Every structure is written in C-alpha cells, then in structure tokens.
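Single-structure report; data block below.
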Amino acid sequence: MPTVAIVGRPNVGKSALFNRLAGRKIAIVHDQPGVTRDRIAAPCTTTTHPCTLIDTGGIGSKIDDGFGEQVTLEADIAMETADLILFIVDAHEGLTSVDQALSHKLRKAKPPVRLVINKVDDPKHEASFAEFSSLGFANPIFVSAEHGRNVGQLCDEIDEVIAPLATESAEAEETAETIGIKLAIVGKPNAGKSSLINAILHDRRTIVSEIAGTTRDAVDLPYTFKGERFTLIDTAGLRPRAKRDNSVEVFSAMRSERAVRRADLCVLVIDLATGVTAQDRKIAQLILEEKKPCLIVLNKFDLYHPDTPHKVRLEHATDHVRRELFFLSYAPFVACSAKTGTSVEHVLKEALKIRKSSRSIPTTGTLNRILQAAFLQTPPPIDNKLRRRLKLYYATAATNERYQTIPVPTIVLFVNDKRLMAHSYEAYLTKKMRHAHPAPGVPIVFSVRSRTRREWTPPEKPQGH
C-alpha cells in the first residue's frame, strides 16, 4: 500500500493526527516532547484509498536523553520510503527555526509534501498564520487534530496523491492471513528486544540504545520468513510499577500488557549477561496468567561465560532458566545474540514449530485414556474438609475462538465436585498430559466443572464406531 509519513518537530501534534487518521488510539499522545521515538505504522481508515500511516519521532529535537540524532534518522528513513509527506507545524507556537530547517530539508525530498498547520480551531484564526508561507509550501491545510476540524479536507488531499498508487486487490486489506503470526517481543528494559527485531528484519527499524526505556509504543512490524507471514510487536520494557516515574511510562506499560493479550505468541527476551531477574519473573507470570503460548529468547549469549565451551554454556543457561522460570516450563527457548546476529533465525523457526505442534490437539478418546490412566496411577487425595475424593467422569478439549493462529485448547474436566481439585493434583495432570502429548510452547489449560452422575451423560458415539 502507499505510505504517508507524518513528520515535524516535537510536540506539534503528529501523534494526535496519526490517531485521528488511523481511527483509533495507537501512538501515545502526551504534552512531553519526544514521546514518540520509533516509526509507528498503521492502516489509515479515514481515506477513500487504502494507505499506511507512519508516525515518526520529532525531528531536530534536543531531547535531553540523547535520542535526537537517532529520532532524526528514523524520520529520514520514513521520508525515503514514503509516497506522501505531511509536514506538521504548530499554529500556537508559530514558526520556529527548527521548522525552517526542516522545510529546507523537505523541499529536497523525493515524495510530495503537504504543509499541515495544526491546532487551528477556528476559521477566523487562519489569516494570522501567514508567516508559515515563508516555508515555501503552497496551499497549507489548517486542521485541529484534537477536534477533527478539516480532517476530511486533509483526507481528500491524501487521496488525490495516493489514488494512482493505491491497489484494489484483496491484499490491501489487513486480514489474518496478511498479519500472520503475531509475536509480542516482551521483556524488561534494555534486554535487547529492539536489537532482536532489527537483527530479524536486517533493518534499523527500531531505536537501539544503552539507555533503558527507548521504546515507548507497541510497534507492529510485518515480516515474511520462508514464505510465512509474521507481525513483530516491539513493546516497551516492562518496569516494576513502583519505578514507572511518569504517566508516559504507565501508558507504555499498558500498551505492552495489551500487546501480550493480542499476540499469538509471546517472545520473552532474557538478558543472559545479567541473568533472570525478579522483573523477568513478573513478566513471565503475566504471560502465564494470560494463558499465552511462549518462546523464551536467551539474548546476549555471546557474553554468557564466553571462555567456556558452547555446550557447557548452553547447559548452564538451561539449568538457570528452568530453575528461575520453573512455572513457565512449557516454553522452549533459543540462545542467541541479537548484537552479532548469531542464531537469531532460530526464533522464527521455533515459532513455526510451536504453531505446528499447537494444531495437533488430542482426540476425545485419546484425551480420556491419558487422564483416566493418570487417575489410576496416582489417585487424587481425599479432601479432609469435604471427606471425598475427586472423580473424573469425562474430558473433552475445546478451542477458544480468539486463538486462531496458535490455538490454545481448554481441557474441560467433568468431575463429581470441582472443589476437590487440588492445585498440586492439577499440576500432576498437567505433567502427565505434557508427557503423553507434548506441545512445546503451548500452555495446558484445564476447566473443571462439577457434575453428578445422574445429570452426566457422556456424548453418544457416532454410528459406525
């Protein structure tokens, strides 16, 4: 699809306009300059012709955390790949030296540029912004991204440019097929999430810095690997709640948590150089609570006991992760180095293996034989309070519709009294299921339901069986 890049200095309302054109809140809108640091892409829902919007970090900013140069690079890349550039300026603050420098740069850009004067809430104020004519762009568009004023006119301008480029094929629509497997790349700050994505994409798509907290938005990045489609979701590092020192960090954490929920597979990035931390365990717990498929990436493997033989290092890393993240034992892992690119391709290969194994759901007959054998081998304990023992009548597997690409089946157990299911015995059944029917990366979810023998009637077998 044609791409439309939204550029401008910090805090002129780029993200607000991006959200308005996208039809939903994707980019973080905040009065703190420099909030958007990566390119964020989303389909435009307000134009007649389909196109992709690209929100960029503020150009020419003197952000005090040292990202100004990299943010400018991100905007340069967006301008190189865009079919149309929307140059946003702030009517309230007026013309600035950064606007003038940027206009000089944009006049040399290959794609057409439209000047958009934002924060103009009333037509009578338009005449007072004649100073922007010195930027050299004819017919500026006066809008208010916050209130939606003249956004329709802006959409008409966009359509005029992209109409010859827009495709009418079904590929222009965002479908499950074009999105592919959604991978949420999660982890604590500075674990190497953005570096991992850059290594996979072979592209400087996301900002990489030694300063923790570089990525603040959840960024969706499409990628095709061996004919298979993926969408990589680069998320902000999840810090402990007590250390989220401003509202932007809180919003970023919420976006990351939302990314976990909408992902098909969570890729938990661990910094092996520092080892598994308490924050890593909290993120792993979030994945477990959301009942999400998971792959653990042991990043910075090149820094982990570098003088030790590879096989020994891998054994030590395995023991460390299995011990510290014992509750996430269903997740396989890949040891790699995002910085050097070593073994990075195994991340997507392992994701495809997880998808394949998830589609092999045991039949009802197989499921009941596995569980009945487990009950016979180790009967449930007698509940001291209820003075009864758990009895299994029947089991079946149901797949939740929201898991489409990597299904996570729920094993429904019909028992005499669900209160008799002890946590330890459920863990035992999980272990037996995992042994009899391995599905690496996919959690085993039980739903226990009470039934009396009188009201329970097993499903009739189809004729011929």
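Working only within the range 292-310, note down all residues that are under 14 Å from LEU268 (Cα atoms) and not aliphatic (A, V, I, L, M).
LYS292, PRO293, CYS294, ASN299, LYS300
Per-residue answers, yes or no, for (1) surrounded by 17 or more Cβ atoms within 10 Å (Cβ to Cβ); (2) in contact (Cβ under 8 Å) with a residue 24 or more places away in the chain; (3) of a type in the set (D, E, K, R):
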{"position": "LEU268", "(1), (2), (3)": "yes, yes, no"}
{"position": "GLY275", "(1), (2), (3)": "no, yes, no"}
{"position": "ARG281", "(1), (2), (3)": "no, yes, yes"}
{"position": "ILE296", "(1), (2), (3)": "yes, yes, no"}
{"position": "LYS300", "(1), (2), (3)": "yes, yes, yes"}
{"position": "LEU303", "(1), (2), (3)": "no, yes, no"}
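Where the second residue is basic (Lys, Arg) and assigned to a helix (DSSP H, G or I) and the first is under 19 Å from ALA263 (Cα atoms) and lies in the range 185-202, which pairs have Cβ atoms under 7 Å and are six or more apart or on separate chains?
Cβ pairs passing all conditions: ILE185/LYS193; GLY187/LYS193.
Kindly establish whether ARG355 is free of Cβ contacts under 8 Å to residues at least 60 places away in the same chain and either surrounded by 19 or more Cβ atoms within 10 Å (Cβ to Cβ) or not acidic (Asp, Glu) (or both). Write out each step before concluding.
Values: free of Cβ contacts under 8 Å to residues at least 60 places away in the same chain: no; either surrounded by 19 or more Cβ atoms within 10 Å (Cβ to Cβ) or not acidic (Asp, Glu) (or both): yes.
Answer is no for this residue.
Would you be able to say whether some residue in the range 260-276 is assigned to a helix (DSSP H, G or I) and more than 23 Å from VAL442 (Cβ to Cβ)?
First pass over the range 260-276, keeping only residues assigned to a helix (DSSP H, G or I): 260-262.
Next, from what is left, pick out any that are more than 23 Å from VAL442 (Cβ to Cβ): none.
Looking for residues that are assigned to a helix (DSSP H, G or I) and more than 23 Å from VAL442 (Cβ to Cβ), one finds none in the range 260-276, hence no.
Exactly one condition in (1) surrounded by fewer than 16 Cβ atoms within 10 Å (Cβ to Cβ); (2) free of Cβ contacts under 8 Å to residues at least 60 places away in the same chain; (3) of a type in the set (A, V, I, L, M, F, W, C) is false for ALA436; which is it?
All conditions pass for ALA436, except number (2).
With respect to ASP307, is the statement that it is modelled with pLDDT of 90 or more, out of contact with any Ser or Thr (no Cβ under 9 Å at 6 or more places or on another chain) and either closer than 18 Å to VAL442 by Cα or of a type in the set (Asp, Glu) (or both) true?
Working: modelled with pLDDT of 90 or more: no; out of contact with any Ser or Thr (no Cβ under 9 Å at 6 or more places or on another chain): yes; either closer than 18 Å to VAL442 by Cα or of a type in the set (Asp, Glu) (or both): yes.
No; evaluated as a whole, the condition is false for this residue.
With the requirement that a residue be in a loop (DSSP other than H, G, I, E, B) and under 17 Å from PHE414 (Cβ atoms), what does the range 381-396 give you?
Of the residues in the range 381-396, the ones in a loop (DSSP other than H, G, I, E, B) are 381, 384-387, 390-391.
Once the filter is applied, which keeps residues that are in a loop (DSSP other than H, G, I, E, B) and under 17 Å from PHE414 (Cβ atoms), the range 381-396 yields LEU390, LYS391.
Would you check which residues across the range 416-452 are under 31 Å from the mean Cα position of the chain (by Cα), farther than 17 Å from ILE370 by Cα and modelled with pLDDT under 90 and list them?
Selection gives nothing.
Quick one: in the range 112-141, of everything that is within 34 Å of the chain's Cα centre (by Cα) and touching a residue at least 40 places away in the same chain (Cβ under 8 Å), which residue is surrounded by the most Cβ atoms within 10 Å (Cβ to Cβ)?
Per the stated criteria, the residue is VAL116.
Report, by residue number, each residue of the range 366-425 that is of a type in the set (Asp, Glu) and buried (at least 16 other Cβ atoms within 10 Å of the Cβ). Explain how you work it out, then say what you get.
So the first thing to find is which residues in the range 366-425 are of a type in the set (Asp, Glu), and the list is 383, 401, 417.
Matches in the range 366-425: ASP417 only.
One residue is enough: does the range 368-380 have a residue meeting the conditions touching a strand residue (DSSP E or B) at 6+ places or on another chain (Cβ under 7 Å), assigned to a helix (DSSP H, G or I), at pLDDT 90 or above and aliphatic (A, V, I, L, M)?
Looking through the range 368-380, at least one residue is touching a strand residue (DSSP E or B) at 6+ places or on another chain (Cβ under 7 Å), assigned to a helix (DSSP H, G or I), at pLDDT 90 or above and aliphatic (A, V, I, L, M).
Tally time: how many residues in the range 277-311 are on the phi > 0 side of the Ramachandran plot and not basic (Lys, Arg)?
From the range 277-311, those on the phi > 0 side of the Ramachandran plot are 291, 300, 305; that's our starting set.
Now narrow it down to the ones that are not basic (Lys, Arg): 305.
Looking only at that region, the number is 1.
The values are calculated or read from the model by the stated rules, or taken from the named source; none is laboratory data. These numbers come from a predicted model, not from an experiment. Glycine gets a Cβ as well: all are built from the backbone with ideal geometry, and neighbour counts include every protein chain shown.
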